[in-house]
Amino acid sequence: MPSDAIAFGAADVSNCDREAIHIPGSIQPHGCLVALAGASLTVAFAGGDCAGLLGASAQSLLGSPLRERVGGRIIPALESCAGLAAPDRRLLSFDDAGAPAGRACDATIHRADGLLIVELEPARVGEGHAEDAFGLVQSLAARVEQIKAPLPFLQAVVECVREVSGFDRVMAYRFLSDGAGAVDAEARAPDADSYLGLRYPASDIPAQARELYLRNTVRLIPDALYEAAPLAAAPERSGGLPLDLSHSVLRSVSPIHLEYLANMGVAASMSLSLVVEGQLWGLIACHHRCPRFLPARIRAALDLFGRMASYQLETRVTAQALSDRVRAKAMHETLTADLAGADDIAAGLERSRHGLLEFLPSSGLALWIDGRLATVGETPDAADLRRLVDWLNGSVTAGVFHTDCLSASFPAVKALSAVASGMAAISISRVPRDYLIWFRPEQAQTVRWAGDPNKPVATVDGQSRLSPRKSFADWTEQVRHRSAPWSAVDISTAAALRVSLLEVVLEHVDQLARERQRARVQQDALMAQLDERIGQWERTAAELKLESDRRALVEAELSQVLRRVVVDQEVERRRIARELHDSLGQYLTAMHMDLDGIARDRTSTVSVNTRVERLKSLTADAGREVNHLAWEIRPTSLDDLGLQAAIQQFLEEWAERSPLKFDLHLTLKDRRLGPAIESALYRVLQEAIHNVVKHAGATRVGVILAASDTEARLIVEDDGQGFELNDLKGGAGPSARLGLLGVRERLALVGGRLEIETAPGAGTTLLIHVPA
């Protein structure tokens with residue numbers, strides 16, 4: 001049950017759409033219900049007239065196998081239903097001798113919540129109802145099957161249902177696209193009020209009630225003034241969820257609905273669901289002014305008749321839709337054939353706009369293609385159409401948009417309702433889109449409601465509450481700013497047209513591509529003729545190419561030299577750094593320890609101790625210088641701890657030695673890149689910082705280091721004086737060009753690249769990308 005559900009019986013009209021009507025915890029009292037668990041048919045729930053129909057009270061049945069409490073032929077019959085699966089339902093009848101309490105009864109059986117649900121009602125024979133219920137269905141179906149038009153068919157259906165059921169009034173109630181309902185057909189007693197043509201607001205039958213009508217296609221309330229009989233649960237079931245009575249024939253209905261029926265003057269009610277293409281299309285609603293009980297077999301027969309009526313109604317609705325589709329398909333094929341042969345798609349659409357207007361029944365059509373506007377029929381003026389196109393481009397993403405109340409979506413066009421209350425638009429290009437737009441005018445109408453559809457406020461026990469309306473007399477409403485609605489066939493037809501137009505557009509694009517290819521071939525032929533006239537240019541070009549090749553060879557050799565220098569230099573730096581740190585550093589440490597030992601020798605003189613302390617100080621200074629020199633040559637942290645730690649150490653050193661402020665954003669953490677990548681990025685950063693200190697005149701440097709699964713990125717940005725890139729390419733000294741070339745070669749070794757963004761007075765940014 002949803003968390004926002006309202007407990008059964010606690011709702012009012014404002015929240016009845018959330019009432020848990022499928023678990024009321026009670027049933028109508030004219031029968032009884034037992035829910036049986038397992039092969040032993042142990043009673044888990046019981047309620048209603050158990051004493052009158054089973055010969056034992058509900059409380060005495062709970063927790064015991066039904067066989068121990070009930071006699072008659074019902075037990076073997078129930079055991080034969082053990083394999084029944086939800087939502088199948090079985091109807092059994094027992095005469096006086098076979099019934100548990102010696103009273104003829106009908107049993108309706110189904111499964112829910114893993115239990116076998118058995119509902120018993122007194123058999124009502126000799127009350128004027130047909131004995132051969134299913135023969136009755138056959139005769140009813142034969143009476144209506146030859147009627148082809150939907151409305152006359154519905155009229156025949158309600159007349160048949162009234163004839164069999166004897167209810168005062170039987171109506172065909174159809175759900176509209178906005179959720180409201182309308183009475184399309186009616187059969188009634190002469191003295192009963194007529195509801196034919198009236199509408200009912202969507203809130204009269206909330207969503208969860210419609211869901212139950214879809215699952216349980218027949219429902220009877222024989223006495224709307226009943227007092228609900230609560231269901232009792234066996235001790236082991238108490239505290240659990242209430243029993244799901246969605247498919248129960250005795251399910252107690254919402255007090256709100258009973259109040260609604262009482263306000264209509266209805267004492268008994270029955271409904272049969274009309275289901276079309278798996279959706280609840282409408283209801284056959286039956287009303288009676290006094291209690292009316294129908295035998296279970298008659299209800300089952302009417303349920304079957306209702307299902308047959310649903311199937312036949314579906315064939316009639318589908319046939320009408322098919323006829324509309326055939327008409328649209330013929331127009332569609334003619335239109336696309338004309339457009340396919342047109343040289344210009346826009347011009348072809350303009351020539352076909354009269355046919356397009358008939359394609360969707362409408363009063364006007366506008367074509368907006370490549371900023372050009374063409375219209376036919378009644379449409380808004382050019383300025384308003386441009387506003388509509390701008391709104392479509394800014395607010396609508398669907399390829400097909402339709403509405404029968406345009407002002408509800410785009411209030412600015414409310415004044416255009418006379419020609420554009422309804423609109424259907426299809427886009428036939430990418431943003432900014434081209435559109436075909438159909439318009440329908442306002443269809444002002446007077447809607448007859450069954451009473452004021454607004455929810456009235458009543459005072460109950462001194463408190464105000466929303467309650468069902470009490471009057472169902474004609475209540476008229478003037479509906480404005482709406483057009484005739486677009487049908488499902490209209491929308492599917494528009495969608496198919498859009499697909500075809502897009503195919504035509506693509507075909508035109510392919511044709512243009514073929515024409516460009518032909519032009520290219522012709523151009524190649526002209527170029528071949530010109531080749532004879534430019535021999536000198538070719539020889540000059542050959543000489544220039546030879547010179548370029550020589551230069552490329554020199555640059556390639558220089559590049560190879562630089563590559564070898566970079567690799568050899570890095571190897572030598574690592575070796576020297578290790579030697580300084582591991583060998584010379586250890587020697588200095590040993591000297592420091594020996595001098596410390598001499599200083600602690602009590603036999604040493606003061607002058608010796610003084611010299612020893614001076615030597616210790618010199619040794620410590622030499623050790624620091626050696627460590628610093630080793631770090632500058634090759635920081636051990638780069639090999640031991642990784643690139644991020646080495647960069648942090650490097651920039652901390654510079655922060656102490658220079659006035660620069662560093663903003664760091666390093667996200668590698670403990671992640672290690674390849675040794676060659678880490679060395680390359682570290683040396684590029686060294687070069688960049690040295691250049692900033694030496695040339696940039698900067699006060700702040702930002703360093704960003706990040707890596708994805710495929711790439712490592714280093715960004716170095718300063719707020720210095722910047723420079724012209726052309727100066728670097730041509731006017732700068734050899735050392736600057738070689739330094740940049742060295743950086744590029746170092747990055748080339750690891751497949752990286754360097755980008756430079758700078759301008760005089762705007763600082764400099766280096767962007768380094770290396771495959772990870």
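The values are calculated or read from the model by the stated rules, or taken from the named source; none is laboratory data. All figures in this text were calculated on a predicted structure; none of them were measured in a lab. Glycine also receives a Cβ, built like all others from the backbone with ideal geometry; neighbour counts cover every protein chain displayed. Areas reflect the complete protein model, heavy atoms only, side chains present, ligands, DNA and RNA absent. Shrake-Rupley method; radii C 1.70, N 1.55, O 1.52, S 1.80 Å.
Details
- Amide H partners (placed H, <5 Å) of I27, local residues excluded: A229, L231, S252
- Backbone HN-Hα couplings from phi across the range 537-544 [Karplus 6.51/-1.76/1.60, Hz, Gly and Pro as x]: 4, 5, 5, 4, 5, 5, 5, 4
- Cut-off under 5 Å, modelled amide H: who pairs with S64 long-range: V43
- With a simple spin-label model that places each label point 7 Å from the Cα along the Cα-to-Cβ direction, the separation between E757 and S708 comes to 1.7 nm.
- Extension gain, E211 back to A418 (0.36 nm per residue minus Cα-Cα distance, nm): 70.7 nm
- Of the listed residues H695, H288, H481, H402, the order by accessible area with a 1.4 Å probe, largest first, is H695, H402, H481, H288.
- The range 391-439 - Rg and Dmax from Cα coordinates, angstrom: 10.7, 31
- Extension gain (nm, one decimal) between A7 and L615, 0.36 nm per residue minus Cα-Cα: 209.6 nm
- Net charge over other residues, Cβ less than 14 angstrom from the Cβ of A35 (K, R count +1; D, E count -1): -1
- Most to least accessible of W537, W391 (protein chains only, probe 1.4 Å): W537, W391
- Using bins of 5 Å that start at zero, the share of Cα-Cα pairs per bin across the range 173-326 amounts to 2, 8, 14, 20, 20, 16, 9, 6, 3, 2, 1, 0, 0, in whole %.
- Measuring spread by the Cα atoms of the range 127-239 yields a radius of gyration and Dmax of 18.0, 57 Å.
- One decimal place: the segment C290-E358 gains 19.1 nm when fully extended, by the rule 0.36 nm per residue minus the C-alpha distance.
- Orientation-averaged projected area, Cα convex hull of the range 167-227 (nm²): 5.3 nm²
- With a Förster radius of 51 Å applied to the C-beta separation of A149 and A86, the computed FRET efficiency comes to 0.85.
- Each peptide among 417-427, 743-753 gets the average number of other Cβ atoms lying within 10 Å of its residues, and from highest to lowest they stand as 417-427, 743-753.
- A cut-off of 5 Å between modelled amide H atoms, ignoring neighbours fewer than 5 places along the same chain, links R482 with Q443.
- Cα-projected label distance for A676 with S429, points at 7 Å along beta-carbon direction, nm: 5.1 nm
- Equivalent ellipsoid dimensions for the range 27-155 as semi-axes, Å, which come from the Cα gyration tensor, largest first: 33, 18, 13
- Seen from all directions on average, the range 231-291 presents a Cα convex hull projection of 6.2 nm².
- D168 accessible area, 1.4 Å probe, all protein chains in place, Å² to nearest 10: 20 Å²
- Projecting label points 7 angstrom from Cα along Cα→Cβ for T318 and V276 puts them 1.3 nm apart.
- Packing around the peptides 102-108, 289-295, 407-413, taken as the average count of other Cβ atoms within 10 Å per residue, puts them in this order, highest first: 102-108, 289-295, 407-413.
- Cα principal axis extents for the range 42-89, largest first, Å: 28, 20, 18
- Cβ-based net charge around L154, under 11 Å, with every Lys or Arg adding one and every Asp or Glu removing one: -1
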